[in-house]
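The values are calculated or read from the model by the stated rules, or taken from the named source; none is laboratory data. Note that the coordinates shown come from a computational prediction; the quantities given were computed from them, not determined experimentally. Counting neighbours? That spans all protein chains shown, and the Cβs are built from the backbone with ideal geometry, glycine included. Only protein heavy atoms, including side chains, enter the accessible area calculation; ligands, DNA and RNA are left aside. Shrake-Rupley method; radii C 1.70, N 1.55, O 1.52, S 1.80 Å.
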Amino acid sequence: MLSNILFDLDGTLTDPKDGITRCIQFSLDQLGVTPPRADQLTWCIGPPLRGSFSRLLNTSDDALLDQALSYYRKRFSETGIYENAIYPEIPPALRRIRTAGFRVFLATSKPSVFARQILDHFDLTQFFQAIHGSELDGRLSDKGELLAHILDAENLKPKATLIVGDRSQDIICGKKNGIVTAAVTYGYGSREEIAASKPDYVFESPSDLAAFLESNTAPTKSVHRTRQNSPPCR
C-alpha cells in the first residue's frame, strides 16, 4: 500500500517556463551565443541543466559548462526564481493528500537551495516532510541517484512510494529504483514521451491524483505501453 509521495517540482507543482527559458537565454547571450526562442527551450525544463547546456553549446568542456551554469544561476537567484507560477489545483491537492495520511517529499533535480525558496514563496513548504534536490556542485543532479538517496535518507520502502512527475526521467528513474510511478499530463512532457516511459499511472490534473490517493482505486487514465529501451537517468 502506498504511504509516501515524491513530487517533482518543475512542470509538476509549478510552471517555471519564463524563469528557466529567460535564464538560459541570458546565459547563452553572456557567452556570445544567439539564444533560441523561449518556445524552443521547453525541452530544458526538467532535466539537469548541465546536460541541457552541453546540448545547446555542443560541448562537453567542463569549464565552459561551469561558466554557463554560473551565468544562469546569477540571473535565476536574483530574478528567474520568481518568474514562476503555481498550478492552481496544487495547494488543495496537496492538502487533501496530507489529510489522507500520506507523507509527502520533494524530489527535484533543481538545487535544493532554490527549490526551498520556491516552495516558501508559494507557501507550499508546509505540506512537505522534507525537501530533496541537487547540490550546487552537481551532486544528486542525476534523478536516479537523487531518488536512491531519498529512499535511503528517509528510510522509505520503494513499493510503498510513488514518484509523481511530468517528464520521462521521473518515470524511468523511479522504475529503476523500484518505485511506483505516476505521470501528469499538464506539465512539459508530451503524451508521446509519457506513453514511451510506461508509468504505472497517468493523471490529467492534481485533483485526479488526490482523488486516486484518497480512494485507493485505479485511475481513469492509463498509458499505452510501447517503449522497449530506457534512456539513462539524466
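Apply 1/(1 + (r/R0)^6) to the Cβ-Cβ distance of Asp61 and Asp29, taking R0 = 22 Å, and write down the FRET efficiency to the nearest 0.05.
Given R0 = 22 Å and the Cβ-Cβ separation, E is 0.75.
What pairs from Lys17/Lys143; Lys110/Lys159; Lys74/Lys198; Lys17/Lys74; Lys74/Lys176; Lys17/Lys159 go past 29 Å between their alpha carbons?
Lys74/Lys198; Lys74/Lys176; Lys17/Lys159
Give the carbon-plus-sulfur fraction of the accessible surface of the stretch 101-175 in %, rounded to a whole number; probe 1.4 Å, heavy atoms of protein chains only.
Of the solvent-accessible surface of the stretch 101-175, carbon and sulfur hold 46 percent.
In terms of modelled amide H atoms, which long-range or inter-chain residues lie less than 5 Å from the amide H of Phe203?
Amide H neighbours of Phe203, under 5 Å, 5+ apart: Ala183, Val184, Thr185.
Can you give the extra length, in nm with one decimal, that the chain gains between Gln129 and Tyr82 once fully stretched, where that is 0.36 nm per residue apart less the Cα-Cα distance?
Here the answer is 14.6 nm.
Send over a whole-number figure in Å² for the accessible area per residue of the chain, probe 1.4 Å.
46 Å²
Enter the per residue convex hull volume of the stretch 1-71, computed from alpha-carbon coordinates, in Å³ rounded to the nearest integer.
Spread over its residues, the Cα hull of the stretch 1-71 gives 111 Å³ apiece.
Can you compute the charge dipole magnitude of the chain about its Cα centre, using +1 on each Lys and Arg Cβ and -1 on each Asp and Glu Cβ, nothing else charged? Give it in debye, rounded to the nearest 20.
Around 520 debye, computed over the chain.
Calculated FRET efficiency, Trp43 and Met1, Cβ-Cβ r, R0 35 Å, to nearest 0.05?
0.45
Over its Cα atoms, what ratio of radius of gyration to 2.2 N^0.38 Å does the stretch 139-208 give?
1.07
Consider just the alpha-carbon atoms of the chain and return their Rg together with their Dmax, both in angstrom.
So, for the chain, Rg and Dmax equal 17.1, 54 Å respectively.
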